[in-house]
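Worksheet: one structure, shown below.
The values are calculated or read from the model by the stated rules, or taken from the named source; none is laboratory data. All of these numbers come straight from a predicted model, not from anything done at the bench. Please note: Cβ atoms are built from the backbone with ideal geometry, for glycine as well, and neighbour counts cover all protein chains shown. The area values use the complete protein model at the heavy-atom level, side chains included, leaving out ligands, DNA and RNA. Shrake-Rupley method; radii C 1.70, N 1.55, O 1.52, S 1.80 Å.
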Amino acid sequence: MNLPYFTHPQTWDVIVAGGGTAGAIAGIAAARAGARVLVIEALGSLGGTGTNAWVTPLMRNVSAGENLNRGLTDESKARLLARGDGAVDPNGNDNWFNPEGMKFVLEQMLLEVGGEVLYHTHVVEPVMADDVDGRWLMVDGKDTAHRVPLTAPHPFPQATGHKTQAIHSLVIHNKGGLQALKAAVFIDATGDADVAARAGVPFHAGDEDGIHQAMSLRFTLAGVDTARLCAFLNANGQGQTGEHFLHFWMVWGKNSTLEPLFREAVESGVLLERDGDYFQGFSVPGRPGEISFNCPRIRPDLHDGADPWQLSAAQVDGREAIDRLTAFCRASLPGCETAFIGVVAPMVGVRESRRIVGDYTLTLADILDCARFPDVICRNHYPVDIHSVKGGARLLHERDGTAPYFAKDAYHEIPFRAIVPVGISNLLVPGRAASSTFEAQSAIRVQQNCHSMGEAAGIAAAWAAREHDGRVRDVGTDALQTELRRLGGNI
Ligand SMILES: Cc1cc2nc3c(=O)[nH]c(=O)nc-3n(C[C@H](O)[C@H](O)[C@H](O)COP(=O)(O)OP(=O)(O)OC[C@H]3O[C@@H](n4cnc5c(N)ncnc54)[C@H](O)[C@@H]3O)c2cc1C
């Protein structure tokens, strides 16, 4: 079937597909670097998983007591604080934020520097430069053509010198129908590498068995008496720094003091066994009396966030579990007796789906050995953190060991090449779909690293558009690092 589309007359320097955690920051960075930028976003606000999947707080990424992600991350935190949507706890942790506030902050940062945004629009398919005159051919949309088995030798050890193709435009779909939008450089920040995969970039997906990390549907309970909840948690072995910075959890078999309450609830039919696979609650700045939950986990057979049928079923499965967890909290957690559901995240939280094959693929060994790279764009000390759907290995959260990475002042680096997909000259892929193995992705995927990758991608894209006819590999990484440092980057 051939579907006609109309090509928009305008050309942008940089088009960002997906205005999420990495994409919003990439758009802001590119616009500040002087590019004419358009951010295309499927939903009606920026921030992606951090806002629309309600993933709060930012996970700490610290080495020797210092935040490793600075630059635009710091600026967004300062703006959140100023509007009462951010907070610093008594331990100096400045990562608490209100996702609804973050939507405003990111939008203001993009628009005030002249960036444009197109909401409620899906990026459907790239049009390759070699194929501009052709009509977009809709084929069976299965991903398998470019999927690379993890056990196969890396097909593109170094893409430099490989024949590359360029993307001419992106076909989008919205209330206006199908249109193609042109740019010199594209940033695929869809999280699922939608653009890269459709452009033919090979990718990995899941672990050695093709099984992905668990998805979750996050929610909040409002109307909580947090003073009473705090007192209960303090009295029950989950020490709190105060009622405004609550953090509590339960995972079967991990010695949580809340486990007996969960066991009782399962036995009385309030909860299912799997509701205790992962349960975690946090306070949210600017929203007194509200707790944000990093759960429920979605049914293990629904683990592929790039499969639209699984994603839809996950939303339903998650909502059912939210009803169960709400009943549990009301019945078993003092302070929650009259709580009600405040938010059910509009986006299912997808931890891992496609991971592109880039000019460099970050590995677990790179992390454990604290690898350094000449083209570093980001430093990470967040641990390997796999939310596995496989029985027996439900949670792997490595913080201790003998590898160099477990020292307090350790970190590894993420190279620019990890966001440069093989085979395409004018595309960058920052965020959770960056080139990495399953284990390495579980460490680098946290939001602040996505910000840092996005910031580097935005600047590089702007420079590639202005000075290199769109070729991202021609951007000098020494100059990029100098610029990132000038903007506060900790690299
Ligand atoms: C349940 C869960 C808990 C987590 N916990 C934490 C935590 O506590 N702290 C932390 O720091 N990190 C946490 N993470 C990790 C982190 O939140 C994500 O890895 C990160 O936000 C991903 O950023 P991204 O930019 O790659 O993708 P996203 O932020 O998901 O951005 C992708 C954007 O692209 C849009 N989009 C997708 N496809 C298209 C398309 N075809 N066309 C147009 N738009 C499109 C989406 O709507 C979205 O806005 C968690 C993740 C999950 C899922």
How many residues are open to solvent by less than 20 Å² (accessible area, probe 1.4 Å) and away from the ligand (no atom under 11 Å from the Cβ) if we restrict to the stretch 446-464?
9
Being within 9 Å of the ligand (Cβ to nearest atom) and among the polar types (S, T, N, Q) is the filter here, so list the residues in the stretch 1-38 that pass it.
Thr21
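Residue-wise test of (1) away from the ligand (no atom under 16 Å from the Cβ); (2) surrounded by fewer than 19 Cβ atoms within 10 Å (Cβ to Cβ); (3) in a loop (DSSP other than H, G, I, E, B); (4) acidic (Asp, Glu).
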residue	(1), (2), (3), (4)
Arg299	no, no, yes, no
Ala313	yes, yes, no, no
Asp317	no, no, no, yes
Thr326	yes, yes, no, no
Tyr382	no, no, yes, no
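Tell me the residue from Val348, Val343 that is closer than 25 Å to Ser76 by Cβ and within 13 Å of the ligand (Cβ to nearest atom), please.
Values: Val343 fails: within 13 Å of the ligand (Cβ to nearest atom).
Exactly one residue qualifies, and that residue is Val348.
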Taking first residues from the stretch 191-211 that are over 21 Å from Val446 (Cα atoms) and touching a residue at least 40 places away in the same chain (Cβ under 8 Å) and second residues anywhere that are assigned to a helix (DSSP H, G or I) and more than 10 Å from the ligand (Cβ to nearest atom), the pairs with Cβ under 7 Å that are 6 or more apart or on different chains are Ala197/Asp143; Ala197/His146; Gly200/His146; Val201/His146; Pro202/His146
Would you call Ala265 open to solvent by less than 20 Å² (accessible area, probe 1.4 Å), touching a Leu at 6+ places or on another chain (Cβ under 6 Å), in contact (Cβ under 8 Å) with a residue 60 or more places away in the chain and at negative phi?
yes
Based on what the data block shows, is Arg432 within 12 Å of the ligand (Cβ to nearest atom), open to solvent by 40 Å² or more (accessible area, probe 1.4 Å), farther than 25 Å from Asp130 by Cα and at pLDDT 95 or above?
no
Would you mind telling me which numbered condition in (1) more than 29 Å from Gly318 (Cα to Cα); (2) not assigned by TED's automatic domain parsing to the domain that holds Glu455 Gly176 fails?
(2)
Any residue in the stretch 404-424 that is farther than 24 Å from Asp207 by Cα and without any contact (Cβ under 8 Å) to a residue 40 or more places away in the chain?
yes
Of the conditions (1) polar (S, T, N, Q); (2) part of a loop (DSSP other than H, G, I, E, B); (3) touching a His at 6+ places or on another chain (Cβ under 6 Å), Thr73 satisfies every one except a single condition; which number is it?
(2)
Tally time: how many residues in the stretch 39-63 are surrounded by fewer than 24 Cβ atoms within 10 Å (Cβ to Cβ) and more than 8 Å from the ligand (Cβ to nearest atom)?
5
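I'm checking my understanding of the structure. Among residues of the stretch 439-474 that are of a type in the set (Asp, Glu) and farther than 18 Å from Leu46 by Cβ, which one is modelled with the lowest pLDDT? Don't jump to the end; show me each part of the working.
Let us first name the residues in the stretch 439-474 that are of a type in the set (Asp, Glu), namely 439, 455, 467, 469, 474.
Applying the additional criterion that residues be farther than 18 Å from Leu46 by Cβ yields 439, 467, 469, 474.
Details: Glu439: 93, Glu467: 97, Asp469: 97, Asp474: 97.
Top of the filtered list is Glu439.
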Residue pairs within 7 Å by beta carbon, gap of at least six or interchain, first lying in the stretch 218-245 and more than 19 Å from Leu325 (Cα to Cα), second within 16 Å of the ligand (Cβ to nearest atom) and outside any strand (DSSP E or B), listed first then second, are Gln240/Leu246; Thr241/Asp89; Phe245/Asp89
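Please enumerate the residues belonging to the stretch 426-439 that are touching a helix residue (DSSP H, G or I) at 6+ places or on another chain (Cβ under 7 Å) and not in a strand (DSSP E or B).
To start, the set of residues in the stretch 426-439 that are touching a helix residue (DSSP H, G or I) at 6+ places or on another chain (Cβ under 7 Å) comprises 426-432, 434-437, 439.
Listed by number, the residues that qualify are Asn426, Val429, Pro430, Gly431, Arg432, Ala434, Ser435, Thr437, Glu439.
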On the basis of being within 29 Å of Gly305 (Cα to Cα), away from the ligand (no atom under 11 Å from the Cβ) and aliphatic (A, V, I, L, M), does Met128 make the cut?
yes
Is it fair to say Ala479 is more than 12 Å from the ligand (Cβ to nearest atom), surrounded by fewer than 22 Cβ atoms within 10 Å (Cβ to Cβ) and farther than 20 Å from His168 by Cβ?
yes
